[in-house]
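Read the structure below first, then the notes.
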Amino acid sequence: MPTVNCIILVNICNNNIKLCLIYKALLFILPIMKKEIVDFLIIGSGVAGLRATIELADYGNVVVVTKERPAESSTEYAQGGIAVALSDEDEVGIHFEDTLKAGDGLCREDAVKVLVEEGPERILELISWGAEFDKEGTKLDFTIEAAHSRKRILHAHGDSTGKELERVLLKKARSFPSVRKYPFALAIDMIVRNGKCFGAYVLSGREVISLLAKVTILASGGAGQVFSRTTNPAVATGDGMAMAYRADALLEDMEFVQFHPTVLFAPSAPQFLLSEAMRGEGAILRNINKEQFMEDYHPDAELAPRDIVSRAIISQMVRTKSKHVYLDLTHMDGKFIKNRFPRIYATCLQYDVNIIKDLIPVSPAVHYMMGGVKTDLDGATNIRGLYTAGEVACTGVHGANRLASNSLLEGLVFGARAGRAALDYSFKNELTELSSRELNRYLMHNDYQSLILDFGETRHSMRKLMWERVGIIRCGESLSEARTKLEQWSYILNKNVLTRPEIELKNMLTVAKLITEAAYLRKSSVGAHYRSDYPKKGKRWMKHITLSKQEEGVRCEFAGK
Ligand code: FAD
Ligand code: SIN
């Protein structure tokens, strides 16, 4: 029987003692374990998870677990568009070359080949399912973003490309009676025995459900929330990476975190993205003194790779002692801007910034994780029965820096591939049922009464630490400081908690440690990883860093290309 308890939390912050009474009785108590058996389990309902779902839906029942409403994801907020070599002036080979160049020598070329070659088919399929990309007359309209040598970015409703993708994919997934969505359900751990995945433990309300599946696809997105300044939605807490790590999966390239140069910086405004497509259409960066500066840093000026633009902005902010620079569209046609960027125009107005008339205050923020759970070209991990796709995965397709607008395409291409590979796996492997007794042990081992007393303060301090010490410009000293501080919070990783915010904090701490560890190890600068104490690339560093769990902390291996 559930037991009821009431906990008094004494929370000391800013020398004020706050007495917080938390009546845990209202929340929960001893969790209850339920068991469900499905053919295919998908964790996440962004572009990658939904595309995988569609691939599997004809072959058995598919359950899609997602921690918020189904559309809530990074996909939903994607603005600029989706890159694909479909225009008359473009070629798959040029898209391939641009992707390798942006990846700064660390892309896995076979993965890039798959991305650019299968991309056009995935987009045409999406259009056949009802996706409405913007057109110029009767032809698809392609725009340009940083480091693309051709106009190849498709966009929808101006700046709502991700929303259109979610709409179409959700509609398509809903058309299969075999697909069941499980919203507001948080995957908390993979069920793994002897290197084989049997599904996941999922928290739904007060219940823990053992969702047993023949095969599981992890498509839980990125981890931007690990940093205090990010474009990512609240769901991006790196759960998938942390769960996979706990289950002994390999993680790769975790130090490669992409920073987006232009994120709204206004008092009381959210960290709202100002799409790179704005610079693609002619927007200019100016420092606080209203001087243009990008030409001093790169021949491609405003359209230089993101890492270069972000560092240029930081150096201007330092030089002029300011907290932001400006994005300037005032020289552009107002009507065009309203049509081309309707969502950005309307959102900025809400925060008293008129992008047609005002200089827009911007500064960089964390945007995308190039690293993640190491997979092959079919999304297979080192754990049998566990596949991954999308931002949580690391196929090596982005190398050390992602080419703009390649990630939605990655979600489609590798989501579909992971779906197909998972299907093959399911044909060859019968579901092995685990007994309820065996599954219940997960809860028996745990004392779920414990709370992280300094939860709010730790979360805040950790995110700030990651931004300030493991951010755009890193060095041995800043990384050592971050490692020491993160180690002090390690006790939290041993706590058995069963509320969503606490589980997410544990996951964020795990991911923070992995990013910091890899950034500390890589004594060179490449792509988005910049070390001021090792500003050169260095040939011997042209390799990947793979991390895995060990009794005594993180095990690291270097892998060639
Ligand atoms: P997501 O779309 O993030 O979906 C992850 C899903 O997993 C969500 O449904 C989430 O709720 C669920 N989830 C997470 N953890 C759990 C858990 N523990 N249990 C259950 N469910 C869980 N890329 C481009 O190519 N072009 C763009 O124009 C572009 N613009 C962007 C703009 C913004 C503001 C942001 C944040 C990103 C942008 N990106 C863009 C990047 C791109 O949107 C993402 O990389 C991509 O959408 C990731 O897709 P995904 O399916 O891997 O993950
Ligand atoms: C943007 O619109 O600037 C984001 C594009 C991306 O992240 O690929």
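Computed from the coordinates by the stated procedures, all read-outs in this text should not be read as laboratory data. What you see is a predicted model; the values in this text were computed from it and never measured. Virtual Cβ from ideal backbone geometry, glycine too; neighbours counted across all protein chains shown.
For a 31 Å ceiling on Cα separation, which of these pairs sit above it: LYS357/LYS464; LYS374/LYS537; LYS35/LYS171? From the list (LYS357/LYS464; LYS374/LYS537; LYS35/LYS171), the Cα-Cα distance tops 31 Å for LYS357/LYS464. Please report the antiparallel percentage of DSSP beta bridges with both residues in the chain, rounded to the nearest 5. Among the beta bridges of the chain, antiparallel pairing accounts for roughly 65 percent.
What net charge is computed for the residues neighbouring MET508, neighbours being all others with C-beta under 13 Å from the C-beta of MET508, Lys and Arg scored +1, Asp and Glu -1? It works out to a net charge of +3.
Express in nm, to one decimal, how much length is gained between LEU140 and GLU457 on full extension, taking 0.36 nm for each residue of separation and deducting their alpha carbon distance.
Details: separation 317, 0.36 × 317 = 114.12 nm, distance 4.89 nm.
The LEU140-GLU457 span can extend by a further 109.2 nm.
Ordering PRO233, SER435, GLY538 by Cα displacement along the dipole of the chain toward the positive end leaves SER435 in first place; charges were set at the Cβ atoms of Lys, Arg (+1) and Asp, Glu (-1).
Counting only DSSP H runs of at least 4 residues, each contributing -39500 (n - 2.57), and dividing by the residue count of the chain, the helix-based mean residue ellipticity at 222 nm comes to -10500 deg cm²/dmol.
About the Cα centre of the stretch 294-386, how large is the charge dipole given +1 on each Lys and Arg Cβ and -1 on each Asp and Glu Cβ? Please answer in debye to the nearest 20. Roughly 320 debye, rounded to the nearest 20.
How high is the relative contact order of the stretch 322-423, in percent, with contacts defined as C-alpha pairs under 8 Å that are six or more residues apart? Spell out each step's value before the answer.
Working: 118 pairs, mean separation 23.8, N = 102.
RCO, the stretch 322-423: 23 percent.
Comparing VAL392, CYS107, LEU169 along the charge dipole axis of the chain, the residue lying farthest to the positive side is VAL392, per the Cβ-charge model.
Rounded to the nearest whole angstrom, the semi-axes of the ellipsoid equivalent to the stretch 269-371, taken from the Cα gyration tensor as √(5λ), stand at 21, 15, 15, largest first. Within the stretch 376-404, name every residue whose backbone N is under 17 Å away from a label modeled 7 Å from Cα of LEU100 along the Cβ vector. 396-403, by backbone N distance to the label point.
In percent, what relative contact order does the chain have, based on Cα pairs under 8 Å that are 6 or more apart in sequence? Walk me through the intermediate numbers first.
Details: 1269 pairs, mean separation 114.2, N = 561.
For the chain, the relative contact order is 20 percent.
What is the calculated FRET efficiency for VAL318 to HIS157, with r their C-beta to C-beta distance and R₀ = 51 Å, to the nearest 0.05? Walk me through the numbers before you get to the answer.
Working: r = 38 Å, r/R0 = 0.74.
Using R0 = 51 Å, I get an efficiency of 0.85.
Taking the Cα centre of the stretch 492-549 as origin and assigning +1 to Lys and Arg Cβ atoms and -1 to Asp and Glu Cβ atoms, the resulting dipole is close to 420 debye. Taking every pair of alpha-carbon atoms in the chain, give the share separated by more than 45 Å as a whole percent. That tail contains 12 percent of the Cα-Cα pairs.
Percent of C-alpha pairs per 5 Å bin in the stretch 165-227, short distances first: 4, 14, 17, 22, 20, 17, 5, 1. Counting 0.36 nm for each residue step from SER149 to SER480 and taking away their Cα separation leaves a gain of 115.3 nm. Extending 7 Å from the Cα toward the beta-carbon at both TYR491 and GLU295 defines two label points whose distance is 5.8 nm.
Working from the alpha-carbon coordinates of the stretch 399-517, get Rg over Rh, Rh being the Kirkwood radius. Taking Rg over the Kirkwood Rh, I get 1.09. Each label point was placed 7 Å from the Cα along the Cα-to-Cβ direction; for ASP248 and GLU132 their separation is 5.1 nm.
Here the spin labels are modelled as points 7 Å beyond Cα on the Cα-Cβ line, and at GLU91 and ILE37 they lie 5.4 nm apart.
First select every other residue whose beta carbon is under 15 angstrom from the beta carbon of LYS428; then total the charges, Lys and Arg +1, Asp and Glu -1. Show your work: numbers first, answer last.
Details: positive: LYS196, LYS214, ARG384, ARG420; negative: ASP39, ASP378, ASP424, GLU430.
Taking every Cβ under 15 Å from that of LYS428, the sum is 0.
The charge dipole of the chain, taken about its Cα centre with unit charges on the Cβ atoms of Lys, Arg (+1), Asp and Glu (-1) only, comes to about 1320 debye. Restricting the calculation to Cα atoms, every distinct pair contributes to the Kirkwood radius of the stretch 173-329, found to be 19.1 Å.
Relative to the current alpha-carbon distance between ILE473 and ARG420, full extension at 0.36 nm per residue lengthens the span by 15.1 nm.
Legend: calculated FRET efficiency, LYS464 to LYS537, from the Cβ-Cβ distance at R0 = 25 Å, rounded to 0.05, equals 0.25. For the pair the stretch 239-295 and the stretch 460-521, the centres of their Cα atoms are 19 angstrom apart.
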